[in-house]
Amino acid sequence: MDLTPLDIEGAWVMTPTIHADTRGAFLEWFKEPTFTGMVGHPLDLAQANCSISAKGAVRGIHYADVPPGQAKYVTCVSGSVLDVVVDLRVGSPTFGGCTSVRLDDVDRRAVYLSEGLGHGFCSLQDGSTVVYLCSEGYSVEREHAVHPLDPELSIDWGLDPSQLTLSAKDAAAPTLAQAQGDGMLPDLATCMSYRAGLAR
């Protein structure tokens, strides 16, 4: 199992070692000592989610107020998705920047994103199933979104735009500039301070 930092500070991709034979395959998709050694703190599990999506379904860009935020450890157990991390932390050198990783049932990689980062994914085929571990439970009062098709973000979702479908909530989400203007985005200093307090 290899955990590698992504272009945005606070996000990593995990590439597992897959043991395959005639019966199938086995892998460790999360290993606490490796995770803690790389990230600097353990992942406190508060909720585990499972999402099944039609091809072209875009879910996100979602984030939560910090503190406590909601860190996520995400993998695709069936099908394939383009997983996207967006830096929403005001004051960050990569503010507004995006990075993406293809998650699928072949390489079986996973993505971890820290508190304060935005997250979304696009299903690249029907029935793509994503599971993710969350450091905090869902709270409607703390949950927010940025429009996934905001031109300022320039996210290439991996499919023709005509194939993309959004929920009513995501379609009504503000742009990055609007969310920043309304004071809705987390700031880098708060996020880093919160993360430092997680080490133990």
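The values are calculated or read from the model by the stated rules, or taken from the named source; none is laboratory data. Everything numeric here is computed off the predicted structure, so don't read it as measured data. Counting neighbours? That spans all protein chains shown, and the Cβs are built from the backbone with ideal geometry, glycine included. With ligands, DNA and RNA removed, areas are computed over all heavy atoms of the protein, side chains included. Shrake-Rupley method; radii C 1.70, N 1.55, O 1.52, S 1.80 Å.
Can you give me the long-range amide H partners of GLN125? Hydrogens built in the peptide plane at 1.01 Å from N, cutoff under 5 Å, separation of 5 or more residues or another chain. Answer set, sorted by chain and number: GLY56, SER80.
Solvent-accessible surface (1.4 Å probe) assigned to GLU28 amounts to roughly 80 Å². Among the protein heavy atoms, those of ILE52 account for about 110 Å² of accessible surface (1.4 Å probe, every chain in place). For LYS31, the lysines whose Cα comes closer than 18 Å to its Cα, not counting residues fewer than 8 places off in the same chain, are LYS72.
Applying the Karplus relation 6.51 cos²θ - 1.76 cosθ + 1.60 with θ = phi - 60° to the range 86-103 yields 3J(HN,Hα) values of 10, 7, 9, 7, 4, x, 6, x, 10, 3, x, x, 10, 9, 9, 9, 7, 10 Hz, where x marks Gly and Pro. Taking the Cβ of THR36 as the centre, find all other residues whose Cβ is under 14 Å away and add up their charges (Lys, Arg: +1; Asp, Glu: -1). It works out to a net charge of +1.
First compute the accessible area of the chain with a 1.4 Å probe, then give the percent of it belonging to carbon and sulfur atoms.
Details: 4840 of 9150 Å².
Reported share for carbon and sulfur atoms: 53 percent.
What is the Cα centroid distance between the range 74-97 and the range 20-50, reported in whole angstrom? Spelled out, the Cα-based centre of one part sits 19 Å from the other.
Positive contributions from Lys and Arg (+1) and negative ones from Asp and Glu (-1), summed over other residues with Cβ under 13 Å from the Cβ of LEU159, come out at -1.
Of LEU45, LEU113, which has the most accessible area with a 1.4 Å probe, and how do the rest follow in descending order? Provide the component values of the computation, followed by the final result.
Details: LEU45 110, LEU113 0 Å².
Of LEU45, LEU113, the descending order of accessible area is LEU45, LEU113.
Taken about its Cα centre, the range 15-118 carries a charge dipole of about 220 debye when Lys and Arg each add +1 at the Cβ and Asp and Glu each add -1 at the Cβ. The lysines whose alpha-carbon is closer than 21 Å to the alpha-carbon of LYS55, local same-chain residues fewer than 8 away aside, are LYS169. ASP105 exposes around 60 Å² of accessible area when a 1.4 Å probe is run over every protein chain in place.
The H on the amide N of ASP187, modeled in the peptide plane, is under 5 Å from the matching H of VAL90, each at least 5 residues off or on a different chain.
Using the rule -39500 (n - 2.57) for each DSSP H run of four or more residues, divided by the residues of the chain, the 222 nm mean residue ellipticity is -3500 deg cm²/dmol.
Using +1 at the Cβ of each Lys and Arg and -1 at the Cβ of each Asp and Glu in the chain, identify which of TRP157, ALA199, PRO33 lies farthest towards the dipole's positive end. Comparing the listed Cα positions along the dipole, PRO33 ranks first.
Taking all protein chains into account, the per residue accessible area for the range 1-84 stands at 46 Å² (1.4 Å probe).
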